[in-house]
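Colleague: Can you keep this structure in mind? I'll have questions shortly.
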Amino acid sequence: MSIDSGTQPTDPKIEQFWKRYIDVLKLFHIPERSRPWYRKHVQGFIDAHPGVRLHAQTPEAIERWFTRQGQNPQLSAWQLRQKVDALRLLFRHILKPDWASEFDWDHWSEGGQPLGDSHPTVARSYETANAGADKPGNLLGNAFPEVYARFIAAIRVAGLAINTEQSYLGWINRFLRFHGSSLPKDCAEPEVSSFLEHLAVQRKVSGATQAQALNALVFFFARTLEKPLGDIGAFKRPKPYKRIPTVLSRREVARILGQMQGMTGLMVRLMYGTGMRVMECARLRILDLDFDYRQITVRAGKGKKDRVVPMPDALSDKLQRQIAWVTDQHAGDLKAGFGSVYLPEALERKYPNAAKELRWQYLFPATRIGTDPRSGVLRRHHIHQSVIQRAVRKTAVDVGLTKRVTSHTLRHSFATHLLESGSDIRTVQELLGHTDVTTTMIYTHVLAKGGGGVTSPLDRLE
């Protein structure tokens with residue numbers, strides 16, 4: 001069944017088409033109040049392609065329409081998701097062209113998620129020492145703004161990661177609430193000890209979590225209050241727990257990759273093929289790819305370290321096509337009056353025109369124009385890392401894997417499979433960006449047969 005945009009509204013075929021569409025909306029439990037909007041989105045797509053029958057539409061046309069919708073800064077993320085869902089139900093469950101089942105609907109639906117003001121990419125941009133002091137839940141910033149300003153200055157001078165900064169601030173706020181929202185007057189060691197014991201006994205946190213809380217308080221008292229902690233005495237510690245990373249076999253990786261297509265599939269393949277973390281992959285820019293030397297530069301990774309990873313030959317053509325797609329999208333953004341991309345503040349001052357250059361654009365951009373939460377500038381950020389994280393978890397369940405699979409599992413698998421293939425552990429350490437080789441050695445646990453390489457006595461009974 002197809003519909004022509006030029007057919008009159010009273011045509012029985014149109015009435016039958018919309019009845020079928022509403023029936024599909026009911027089948028998928030779309031709320032009744034939302035159904036008129038779904039129909040409006042489909043009609044908007046039809047009106048944007050006069051003279052083209054729906055059965056003749058191509059995935060390229062769908063992508064161009066989604067891109068134009070994403071260039072509307074007044075369109076919220078949920079509204080874009082609704083438009084994508086409206087067309088997904090139309091093409092996948094009514095028209096059913098061959099390409100509809102392979103189209104990356106999830107990317108267009110989830111890829112417009114905005115980066116919040118606490119997201120690692122933008123959290124330190126355009127920020128003064130007391131930025132965020134008045135946020136709800138920030139007890140240190142609200143009750144002790146001068147101390148908060150000193151904490152921000154101290155932790156950024158130390159060069160710690162933004163995730164560490166946010167984690168430390170969280171523990172400091174919990175410590176203050178535990179002691180009645182007040183800073184210790186004189187001797188702080190007993191108060192720190194009682195808080196750590198509370199975490200272990202009442203909150204039942206792991207040893208690693210308790211150690212992180214202690215690190216946060218040691219930093220706070222030494223570097224912010226300039227009152228280094230002394231001996232905090234004995235306190236209850238949880239038993240240490242040594243976790244073994246989950247590793248997928250090559251067959252299991254192939255099952256996951258076989259179900260993932262489009263930009264999401266490309267990112268997952270790139271993470272497994274290079275060992276990149278999910279945020280490192282999401283932040284890649286076009287200039288980071290070197291096709292002549294077949295390498296990719298990972299910039300400002302964990303610990304603010306750059307490193308180089310090999311570009312998989314199997315992805316070379318796909319990456320070239322991705323760059324061509326980003327080039328077209330960027331040209332459209334520039335034509336629409338946008339086209340700038342986030343740059344670290346120092347780079348933006350040094351190269352004021354670089355933000356609109358193609359080479360600085362993200363290789364995996366978001367599906368919509370969004371407001372930079374710090375500067376208020378309308379720009380296209382990179383895709384949100386949660387899109388990939390959800391896609392990996394969902395696909396692992398869909399293909400029937402019973403292991404606990406996350407996006408980081410691909411990094412574990414990359415390292416283990418390299419070691420299985422005979423790669424030197426120092427080489428793997430460099431590719432992963434580990435400071436200490438002992439961190440890399442955790443992947444040697446699966447190089448022999450399970451259980452340390454021994455043969456079970458049960459297998460010897462025969």
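Colleague: In the chain, if the dipole is taken from +1 on Lys/Arg beta carbons and -1 on Asp/Glu beta carbons about the Cα centre, which of Ala355, Pro136, Gly265 is farthest to the positive end?
Modeller: Pro136
Colleague: Return the distance in nm (one decimal) between the two label points of a simple spin-label model at Phe291 and Leu347, each offset 7 Å from Cα along Cα→Cβ.
Modeller: It works out to 2.1 nm between the two label points.
Colleague: If you don't mind, another one. Count charges around Trp37 for me, please; just the other residues with Cβ under 13 Å from its Cβ, Lys/Arg as +1, Asp/Glu as -1.
Modeller: Taking every other residue near Trp37 into account, the sum is +4.
Colleague: Compute the long axis of helix 145-157 from its Cα atoms, compare it with the longest principal axis of the Cα atoms of the chain, and write down the angle in degrees, 0 to 90, nearest 10.
Modeller: The answer is roughly 80 degrees.
Colleague: While we're looking at this one, here's another question. Near Phe91, within a Cβ-to-Cβ distance under 12 Å, what is the net charge of the other residues, with Lys and Arg +1 and Asp and Glu -1?
Modeller: Charge balance in the 12 Å sphere: 0.
Colleague: OK, next. Kindly express, to the nearest 10 degrees and within the range 0 to 90, the angle between helix 12-27's C-alpha long axis and the longest C-alpha principal axis of the chain.
Modeller: With both axes taken from Cα atoms, the answer is about 20 degrees.
Colleague: By how many degrees, 0 to 90 and rounded to 10, does the Cα axis of helix 162-178 deviate from the longest principal axis of the chain?
Modeller: Computed tilt is about 60 degrees.
Colleague: Compute the distance from the alpha-carbon center of segment 177-205 to that of segment 388-408, in whole Å.
Modeller: 38 Å
Colleague: Quick check for me: using +1 on Lys/Arg Cβ and -1 on Asp/Glu Cβ, what's the dipole size of the chain about its Cα centre, in debye to the nearest 20?
Modeller: Here the chain has a charge dipole of around 680 debye.
Colleague: Could I ask something else about it? Hey, can you grab everything whose amide H is under 5 Å from the amide H of Arg285? Only 5+ residues off in sequence or another chain; H modelled, so Pro and N-termini drop out.
Modeller: Residues meeting the amide H criterion: Leu363.
Colleague: Could you tally the net charge around Phe338, taking each other residue with its Cβ under 15 Å from the Cβ of Phe338, Lys/Arg +1 and Asp/Glu -1?
Modeller: Summing Lys/Arg as +1 and Asp/Glu as -1 gives +2.
Colleague: Please state, rounded to one decimal and in Å, the Kirkwood hydrodynamic radius that segment 297-347 gives when every pair of distinct Cα atoms enters the mean of 1/r.
Modeller: 13.6 Å is the Kirkwood radius here.
Colleague: Sort all Cα-Cα distances of the chain into consecutive 20 angstrom bins from zero, then give the percent of pairs in each bin up to the one containing the longest distance.
Modeller: Result returned by the calculation: 20, 46, 30, 5, 0.
Colleague: Using only helices, what value at 222 nm comes out for the chain when you add -39,500 (n - 2.57) per DSSP H run of length 4 or more and divide by the total residues, to the nearest 500 deg cm²/dmol?
Modeller: Taking each H run of at least 4 residues, the total per residue is -14000 deg cm²/dmol.
Colleague: For segment 139-224, restrict the atom set to alpha-carbon positions and state the Rg and Dmax in Å.
Modeller: So, for segment 139-224, Rg and Dmax equal 12.4, 35 Å respectively.
Each reported figure results from applying straightforward, stated rules to the coordinates on display, with no laboratory input. Only a predicted model underlies this, so the values are computations on that prediction, with no experimental measurement involved. Reconstructed Cβ throughout: ideal geometry from the backbone, glycine too, with neighbour counts over all protein chains shown.
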